[in-house]
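Below is one structure; the comments refer to it alone.
No value in this document is a laboratory result; all are computed from the given coordinates. These numbers come from a predicted model, not from an experiment. Here the Cβ positions follow ideal geometry from the backbone for every residue, glycine too, while neighbour counts run over all protein chains shown.
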Amino acid sequence: MSGRPVSATEREAASALRLLGRALRLRCPHCGGAPVFASWFRRRERCGACGLRFARTGADYFTGAMFFNL
C-alpha cells in the first residue's frame, strides 16, 4: 500500500468493478462466493455462501421492466 488515503470516488469505482466482475462470473452480488444459477435456466433461491436471497422485490419491478421492453 502506498499509505495515501483513498478517496470516495476511488472506493466507488473499485466497488463497481467488483460488482461487474461478480456479474460477469454469475456469482453472488453480495459475497461473490457461490453461483447464482443452478443450471442454464434455473436460478438458485439463496446464495450457498452468505445466504442472500436472490429475489426480485418491490411492486414496481415488473412495471419498470415492461416499460423498458416497450
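How many nm is it between the label spots at residue 17 and residue 67, if each spot is 7 Å from the Cα in line with the beta carbon?
3.3
Scan around residue 28 for amide H atoms under 5 Å from its own, H built in the peptide plane at 1.01 Å from N, and keep only partners 5 or more places away or cross-chain.
Here the answer is 33, 34, 36, since their amide H atoms fall under 5 Å of that of residue 28.
Check which residues have an amide H placed less than 5 Å from residue 46's amide H, if you skip close sequence neighbours.
HN-HN under 5 Å from residue 46: 54.
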